[in-house]
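The values are calculated or read from the model by the stated rules, or taken from the named source; none is laboratory data. Computed from a predicted structure; not experimentally measured. Note that we place each Cβ from the backbone using ideal geometry, even for glycine, and neighbour counts take in every protein chain shown.
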Amino acid sequence: MSGEKVLIFDTTLRDGEQSPGAAMSIPQKLEIARQLAVLGVDIIEAGFPISSPAQFEATRLVCEQIKGPTIAALARANALDIESAGKALAAAKKKRIHTFIATSPIHMKHKLKKEPAQVLKMAVDAIKCCKNFTDDIEFSPEDACRSEIPFLIEVLAAVIEAGATTLNIPDTVGYVLPYEYGQIIARLKSDVKGIDKCVISTHCHNDLGMAVANSLAGVRNGARQVECTVNGLGERAGNAAMEEVVMAIRTRQDFFGAGGMSTNINTKEIYRTSQLVSQLTGFVIQPNKAIVGANAFAHESGIHVDGILKERTTYEIMTPETIGLGGSRMVLGRHTGRAGFADRCKQLGYKLTKEEIEQAYQRFIEIADKKKEVFDEDVAALVNAEKRVIEQVYVLEYLHVASGTGTLPTASVKMRIKGEMKIAVAYGDGPVDAAYEAIRRAMDLRPKLEEYSIRAITGGTEAMGEATVRIRENDRTFIGRGVSTDIIEASAKAYVDAVNRMVAAQGTDEHPQVKVQL
Ligand code: KIV
Ligand code: ZN
């Protein structure tokens, strides 16, 4: 790959985690951070340490365990936040503090209740404070795209003078269109004193579906860092999707000027990273999602298939292999031994401990017994499901469902709850409804079920089904997943998984979006 470098700043673990329902446990964050390092991102934003003890600890452990990328931590423009970020980053070989304060009239007046002069001083003081911990300092004027440009120019020049090295220009509310965003970056590049010494960065939200387009317009006009998340996870409609930004830069070298642009991303790791984040957060990828959706490389129409067979480039601008799809499809079965299974996991890129292999292998045997052929996608789903395991306060020991045409669907369940067995029976509108009602009765809990979906992981009637549910309790959402060849069992497991996640989060403060106002 040739051309100037565009740095990839991944904020899946910070802005991505601010998606309602996407809260991750610390081991899950470490797993994702490890994969982000393999993917080759330049900077990992590991968290917002002041926002909760769990965020602090996650950031600290990422610094301790993940080698390669620079690790960044977020801090508002005040000494307490910055000290917390600095302490959490202490063990990182390459560390960055990312500090921010809003500069738009709306935010300054209504949220901060501060005059522009006060905001300017806080920004400069924040940079000086960051210098006690690192020289790699990123500054974000929050809601930059709705800020008055002369004020933005003044603030940016002042923070550069104080020592900021990366200037991030957030479209916090996903308001601007690509042409406008490009113009803002171009204007800042030409008018901010000292900006040539700094890296200009994009940070675009997707409220109008423009996050990736705006980021690329930023690159075209001089930005050399893009902030993004895997699968576009993030607040509200999300952030710019890493995989789309990277593949657009790679595929459209010609658009970015003489010599083109490149990133340090190993694109062959894109698909695996996307799957891992989807599995661990419970956010299912829509089939028509660019780059990583199940249909992104599927050709249906006869004319297209005919064209592809004659010449691939007639209908394909990228190959599936570039993002790590395709290649050999090895099929496993009930006769595959531990060693063969472990080897396949290794080839699929999983680094598992002996215990993790054993647990996943036990699940594999159960599935291989029910299903003739176990595909790579099945192996990935069951390994990732193992990784999602949290403390099981509620365990589904037994489930029986009776349903059919002209019968009232009924379900009986046996659940182990803190060592005690509970039995419950219920009827419902369908088998899943009946099973959920029986589970609710056994648990004596009624979290609101907001969303339920089921998909087949691979083809065929004996395919593994993967159920995803979203439940809500006291304004917090939790996502659960369940995998089985029996879709009712998968559905029941997903519901119980979501409830266990809810229970695990109770008494913790893993949701920065409700704890700390940005
Ligand atoms: O969207 C935003 O403005 C942010 C800042 C904290 C950079 O996420
Ligand atoms: Zn953001």
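Where residues in the range 453-467 are part of a strand (DSSP E or B) and touching a residue at least 40 places away in the same chain (Cβ under 8 Å), which of them is surrounded by the most Cβ atoms within 10 Å (Cβ to Cβ)? By that ranking, first place goes to 466. Looking at the range 30-57, which of the residues that are modelled with pLDDT of 95 or more and charged (D, E, K, R) is farthest from residue 385 (Cα to Cα)? Here the answer is 42.
Residues being touching a Leu at 6+ places or on another chain (Cβ under 7 Å), more than 16 Å from ligand 1 (Cβ to nearest atom), among the polar types (S, T, N, Q) and farther than 23 Å from residue 463 by Cα are represented in the range 254-272 by at least one member.
The listed residues are 204, 198, and the only one of them that is without any contact (Cβ under 8 Å) to a residue 40 or more places away in the chain and within 13 Å of ligand 1 (Cβ to nearest atom) turns out to be 204. Only one of the numbered conditions (1) of a type outside the set (Lys, Arg); (2) closer than 27 Å to residue 126 by Cβ; (3) part of a helix (DSSP H, G or I); (4) away from ligand 2 (no atom under 16 Å from the Cβ) is violated by residue 200, and that is (3).
All of 342, 368, 298, 360 fail the test of being among the small types (Gly, Ala, Ser), out of contact with any His (no Cβ under 7 Å at 6 or more places or on another chain) and free of Cβ contacts under 8 Å to residues at least 12 places away in the same chain, apart from 298.
Can you find, within the range 255-283, the residue that is surrounded by the fewest Cβ atoms within 10 Å (Cβ to Cβ) among those that are among the small types (Gly, Ala, Ser) and part of a helix (DSSP H, G or I)? So that I can check it myself, show each step before the final result.
Our first condition is that a residue be among the small types (Gly, Ala, Ser); within the range 255-283, this holds for 257-260, 262, 274, 278, 282.
Filter once more, keeping what is part of a helix (DSSP H, G or I): 274, 278.
On the way: 274: 24, 278: 20.
For the range 255-283, the residue satisfying everything is 278.
A search for C-beta distances below 8 Å between a residue of the range 1-24 that is without any contact (Cβ under 8 Å) to a residue 60 or more places away in the chain and any residue that is charged (D, E, K, R), counting only pairs 6+ apart in sequence or on different chains, returns 13/29; 13/45. Selection within the range 155-197: residues that are polar (S, T, N, Q) and in a helix (DSSP H, G or I). The member of this set that is surrounded by the fewest Cβ atoms within 10 Å (Cβ to Cβ) is 190.
Looking for something among the small types (Gly, Ala, Ser) and within 16 Å of ligand 2 (Cβ to nearest atom) - is there at least one such residue anywhere in the range 166-183?
Step one: of the range 166-183, the residues among the small types (Gly, Ala, Ser) are 174, 182.
Among the residues that remain, those that are also within 16 Å of ligand 2 (Cβ to nearest atom) are: 174.
Looking for residues that are among the small types (Gly, Ala, Ser) and within 16 Å of ligand 2 (Cβ to nearest atom), one finds at least one in the range 166-183, hence yes.
Of all residue pairs spaced 6 or more apart or on separate chains, those with beta-carbon atoms under 9 Å, a first member in the range 160-175 that is over 12 Å from residue 239 (Cα atoms) and a second member that is away from ligand 2 (no atom under 15 Å from the Cβ) and among the acidic types (Asp, Glu) are 162/125; 163/135; 165/135; 165/136; 166/136.
Scanning the range 48-75 for residues that are crowded, with 22+ Cβ neighbours inside 10 Å and in contact (Cβ under 8 Å) with a residue 60 or more places away in the chain turns up 48, 50, 51, 55, 72, 74. When 152, 216 are screened for being part of a helix (DSSP H, G or I), away from ligand 1 (no atom under 16 Å from the Cβ) and of a type in the set (A, V, I, L, M), only 216 passes.
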